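Student: I am attaching a structure below and will ask some questions about it afterwards.
The values are calculated or read from the model by the stated rules, or taken from the named source; none is laboratory data. The model shown is predicted, which means the values in this text are computed figures rather than measured ones. Note that each Cβ is placed from the backbone with ideal geometry, even for glycine, and that neighbours are counted across all protein chains shown.
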């Protein structure tokens, strides 16, 4: 059996193209979260030489700050599947986190490992969970911050079925999407900076 740390390290290596970018701590303003589409990425695990596919979604705030990500992880030639979840650091580790699809029963998940940029949790699943995601509309991740306050990260399940059942995204297409998203986030950040400067100047002139 491959240790959890090694498996998650492999996941983070394979998903680098999807989870790229530095992950901030800060407060998660869910109202400002930008819903990213589901993406299917496949690559080869350098340790096992097996193909690993991730059907994943990541959400970020308008500022570009990472909020959360989730991926259905499958290994070629194996029946087992798992959900790999990432949230910002600074959360209470001991309680773990909870996952809920629409109004269905919550699933409790323990954190497996934390890196400087994110904490990861992995939950073994069976095909019934994937079927539940295909039927669902929304998926909510709930974790606790250092003040033991619940923080909810809401992800859409719209588009999950098409990505999960479809072919993996072409690397060139994925790169183009990332560049477009990065440009949009930079433009939003620059606009926000200018508005802040204008507000400060107006306040100083009054």
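Student: Answer with yes or no whether residue 189 is in contact (Cβ under 8 Å) with a residue 40 or more places away in the chain, more than 19 Å from the chain's Cα centre (by Cα) and not assigned by TED's automatic domain parsing to the domain that holds residue 79.
Tutor: Numbers: in contact (Cβ under 8 Å) with a residue 40 or more places away in the chain: yes; more than 19 Å from the chain's Cα centre (by Cα): yes; not assigned by TED's automatic domain parsing to the domain that holds residue 79: yes.
Yes: the conditions hold for residue 189.
Student: Sticking with this one: Assess whether residue 88 counts as being more than 21 Å from residue 168 (Cα to Cα) and at pLDDT below 95. Outline the logic, then answer.
Tutor: Values: more than 21 Å from residue 168 (Cα to Cα): yes; at pLDDT below 95: yes.
So residue 88 passes the test.
Student: Give all pairs with beta carbons closer than 6 Å in which a residue from region 120-149 that is assigned by TED's automatic domain parsing to the domain that holds residue 96 meets a residue that is surrounded by 10 or more Cβ atoms within 10 Å (Cβ to Cβ) and part of a helix (DSSP H, G or I); count only pairs at least 6 apart in sequence or on separate chains.
Tutor: Between residues of region 120-149 that are assigned by TED's automatic domain parsing to the domain that holds residue 96 and residues that are surrounded by 10 or more Cβ atoms within 10 Å (Cβ to Cβ) and part of a helix (DSSP H, G or I), the close pairs are 120/8; 133/160; 134/161.
Residues checked against (1) at pLDDT 95 or above; (2) surrounded by 13 or more Cβ atoms within 10 Å (Cβ to Cβ); (3) under 17 Å from the mean Cα position of the chain (by Cα):
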| residue | (1), (2), (3) |
| --- | --- |
| 127 | no, no, no |
| 130 | yes, yes, yes |
| 136 | yes, yes, no |
| 140 | yes, yes, yes |
| 145 | no, yes, no |
| 163 | no, yes, yes |
